[in-house]
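A quick write-up on the structure given underneath.
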Amino acid sequence: MTDVTSLNAPHAVTTRRLDGPSGAKPKRAISPRNVFIYGTLLLVSVYYLLPLYVMIVTSLKGMPEIRLGNIFAPPVEVTFEPWVKAWATACTGLNCDGLSRGFWNSVQITVPSVILSIAIASVNGYALANWRFKGADVFFTILIFGAFIPYQVMLYPIVILLRELGIYGTLWGLILVHTIFGMPILTLLFRNYFTSVPEELFKAARVDGAGFWGIYFKIMLPMSLPIFVVAMIIQITGVWNDFLFGVVYTKPDVYPMTVQLNNIVNSVQGVKEYNVNMAATIITGLVPLIVYFVSGKLFVRGIAAGAVKG
Amino acid sequence: MTTTSTAAASQRPIRLFRNKAAKIAAIPMILTALVVFMGGTIWTIVFSFTKSRLLPRADFIGLDQYERLWSSSKWMIAIENLIIFGLCSLVFSLVIGFVLAALLDQKIRFENTFRTIMLYPFALSFIVTGLVWQWILNPDFGIQHVVRSAGWESFSFDPLNNQAIVIYGILIAGLWQGTGLIMCLMLAGLRGIDEDIWKAARVDGIPAWKTYIFIVIPMMRPVFVTTLVIIASGIVRLYDLVVAQTSGGPGIASEVPAKYVYDAMFLSQNLGQGFAGSTMMLLAVLIVLIPWAYMEFGGRQRD
């Protein structure tokens, strides 16, 4: 359904509109129609790329140049000082050790969150798809409904829960929260995928005496590596980009990167250093951007799988 | 480990232990669904009827918190902003998303490049989005400054410091971040439409725009509904973007419900107000969600 590869249709009919029953029209590179389509798309692309461009350009300028010039002009004198400062010495409140602290916190939060949530969600999805038990659908429905409940409703009960478990304000508390809130979408993703695996395979393995875990590790897991990658993409970008949970469930010295970034840029004290702010902003956006550009089509597939098929 | 298979092979054991491994594997899901999602929601609703301030206390005072909520000007502004932002972002992202998808669906070259460019903002966090747009909309350096120094001295475009239009400044950033996703969903929907329909429309001499409006869009109804639900549930959550761009300012002009709830719970030690506010947010989501779920389930049963 979400076949993105239909680009290479056998005989590339350039137009879908047919002005009369005249058969295939001769291909013309510059027709008013093409000018309109490509023109619009180029204009739109400029709009989408502009903020990224402004971010990069600003981060490479010195402050005097920013005060004099305009934000769209390329830097006259390229300097990497703002990047160094953003990474190592930018201040948030009392700490002046830059974004690096937030970066490592985010790494320590993201890695376990991704592993844990995918491990749990894939087994859940597998159980739901291949080992259905009575009542499973009820829990699954509640879980999916839960994905739509505004987080604000569950913020405080989870504070209490984490406090009872003794992990409120720690990295592990936040990891648990990400695992919980990643579960609906990931479980849905894995359930849908495992449902589409031919049942004969499953049955054959059962006849051969393989059990729940045997089939999972020996058949399902090796077959479904792409979907694991998709799940990783969803979860890495989701966890890395989170702000609300970070600010609610952690304390200043374990703040994730997004929270720290916001504190650096929106702090009221001191002179505003826009170049440092923009460098910090790019650095924070770098991880999801790299994931996005490297993963390409799989990223789109993750979106489509999570949204359209649901 | 292999209990299930051997048990299933030998004889039927008592019901609870049948399929034991699957049930054990589902425990995290069951706990999340029951304890966190259901339990947490019910807990918040119950405590929204109490006098809780610094700590939750089971001291019931009926609908007092809700009365206070709806007479608070901050909450009213938050609701108004949410409605403006919600309606605009719904309309604009559906229209823009669909038009872009239709353009990309014309068997054009560089389709992947265009799609990559339009979707990349979606990979960025709201904080990053908000900070970039805060910079671009900065009156002293950004768009306003550039246009003014190009000669148009009286040009004024400073949404983030103007109480009347601040929410539109946030909307610009929100649309930049989210339309790529909508475009992708729409494109997937368009690709799901049978090529024969286009051929038939062509044979009948129906112009392309008419085919889109009268044939393709009605056929894409499920996609539109799903997209609508996704956008709507995103709108209610609007929080990070506001914090990054304006922190609710100037004054309280760009407050949103999610921020009201957070501030009440964690900054002003007014838990009861936070619970009441979040319960109202839940209500808003349910109003969208229940008809949708009803339609979905209706569809499933017909299959």
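The values are calculated or read from the model by the stated rules, or taken from the named source; none is laboratory data. Worth saying up front: this structure is predicted, and the values here are computed from it rather than measured. Methodologically, a virtual Cβ is constructed for each residue, glycine included, from the backbone with ideal geometry; neighbour enumeration extends over all protein chains shown.
For segment B:189-207: of the residues being surrounded by fewer than 24 Cβ atoms within 10 Å (Cβ to Cβ) and under 30 Å from B:ALA232 (Cβ atoms), which is nearest to the chain's Cα centre (by Cα)? Checking each candidate, the answer is B:LEU190. I want to confirm something. Restricting to segment B:249-291 and keeping residues that are under 20 Å from the mean Cα position of the chain (by Cα) and free of Cβ contacts under 8 Å to residues at least 12 places away in the same chain, which single residue is surrounded by the most Cβ atoms within 10 Å (Cβ to Cβ)? So, considering only residues that are under 20 Å from the mean Cα position of the chain (by Cα) and free of Cβ contacts under 8 Å to residues at least 12 places away in the same chain, the one surrounded by the most Cβ atoms within 10 Å (Cβ to Cβ) is B:LEU286. Only one of the numbered conditions (1) among the charged types (D, E, K, R); (2) more than 7 Å from chain A (Cβ to nearest Cβ); (3) without any contact (Cβ under 8 Å) to a residue 12 or more places away in the chain is not met by B:LYS74, and that is (3).
If you take the residues in segment B:161-188 that are farther than 23 Å from A:VAL44 by Cα and out of contact with any Pro (no Cβ under 7 Å at 6 or more places or on another chain), which one is surrounded by the fewest Cβ atoms within 10 Å (Cβ to Cβ)? For segment B:161-188, the residue satisfying everything is B:ALA164. When you check B:ALA244 against the structure, is it closer than 30 Å to B:TRP135 by Cα, touching a residue at least 24 places away in the same chain (Cβ under 8 Å) and surrounded by fewer than 22 Cβ atoms within 10 Å (Cβ to Cβ), yes or no? Spelling it out, it is not the case that B:ALA244 is closer than 30 Å to B:TRP135 by Cα, touching a residue at least 24 places away in the same chain (Cβ under 8 Å) and surrounded by fewer than 22 Cβ atoms within 10 Å (Cβ to Cβ).
For segment B:241-268, filtering for residues that are at the interface with chain A (Cβ under 10 Å from one of its Cβ atoms) and in contact with a Ser or Thr (Cβ under 7 Å, 6 or more places away or on another chain) leaves 3.
The residue of segment A:200-220 that is farthest from the other protein chains (Cβ to nearest Cβ), among those that are in contact (Cβ under 8 Å) with a residue 40 or more places away in the chain and under 12 Å from A:SER122 (Cα atoms), is A:MET220.
Screening the candidates B:ARG115, B:ARG53 for the property of being basic (Lys, Arg), surrounded by fewer than 17 Cβ atoms within 10 Å (Cβ to Cβ) and either touching a residue at least 60 places away in the same chain (Cβ under 8 Å) or not assigned by TED's automatic domain parsing to the domain that holds B:THR279 (or both) yields one hit, B:ARG53. Of all residues in segment B:100-112, exactly one satisfies the criterion of being under 13 Å from B:GLY180 (Cβ atoms) and more than 8 Å from chain A (Cβ to nearest Cβ), namely B:ALA101.
Within the option set A:VAL230, A:VAL239, A:VAL197, being closer than 20 Å to A:GLY302 by Cβ, at pLDDT 90 or above and more than 10 Å from every other protein chain (Cβ to nearest Cβ) holds for one residue only, A:VAL239.
Only one entry in A:ILE158, A:ILE115, A:ILE109 is in contact with a His (Cβ under 9 Å, 6 or more places away or on another chain), in a helix (DSSP H, G or I) and closer than 27 Å to A:THR284 by Cβ, namely A:ILE109.
Here's the yes/no breakdown for (1) surrounded by fewer than 24 Cβ atoms within 10 Å (Cβ to Cβ); (2) within 22 Å of A:THR179 (Cα to Cα); (3) among the aliphatic types (A, V, I, L, M):
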{"site": "A:VAL229", "(1), (2), (3)": "yes, yes, yes"}
{"site": "A:VAL239", "(1), (2), (3)": "no, yes, yes"}
{"site": "A:VAL247", "(1), (2), (3)": "yes, yes, yes"}
{"site": "A:TYR274", "(1), (2), (3)": "yes, no, no"}
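Would you confirm, using the coordinates I've provided, whether A:ILE144 is in a helix (DSSP H, G or I), within 22 Å of A:VAL239 (Cβ to Cβ) and modelled with pLDDT under 90? So A:ILE144 passes the test. When A:ALA90, A:ALA129, A:ALA86 are checked against the criterion of being at pLDDT below 90, among the aliphatic types (A, V, I, L, M) and over 29 Å from A:GLY270 (Cα atoms), A:ALA129 stands alone in meeting it. If you go through segment A:66-85 and keep only what is assigned to a helix (DSSP H, G or I) and either within 11 Å of chain B (Cβ to nearest Cβ) or in contact with a strand residue (DSSP E or B) (Cβ under 9 Å, 6 or more places away or on another chain) (or both), you end up with A:ILE66, A:ARG67, A:LEU68.
Here is a yes/no grid of residues against (1) modelled with pLDDT of 65 or more; (2) surrounded by 13 or more Cβ atoms within 10 Å (Cβ to Cβ):
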position	(1), (2)
A:THR14	no, yes
A:PRO21	no, no
A:LEU41	yes, yes
A:SER45	yes, yes
A:LEU49	yes, yes
A:PHE72	yes, yes
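Inside segment A:261-276, residues that are within 10 Å of another protein chain (Cβ to nearest Cβ) and in contact with a strand residue (DSSP E or B) (Cβ under 7 Å, 6 or more places away or on another chain) make up a count of 1.
Is it the case that segment B:198-212 has a residue that's under 30 Å from B:TYR294 (Cβ atoms) and touching a residue at least 12 places away in the same chain (Cβ under 8 Å)?
Yes, there is a match, as at least one residue in segment B:198-212 is under 30 Å from B:TYR294 (Cβ atoms) and touching a residue at least 12 places away in the same chain (Cβ under 8 Å).
For segment B:123-161, a residue qualifies if it is hydroxyl-bearing (Ser, Thr, Tyr) and at the interface with another protein chain (Cβ under 10 Å from one of its Cβ atoms), and the qualifying residues are B:SER125, B:THR129, B:SER149.
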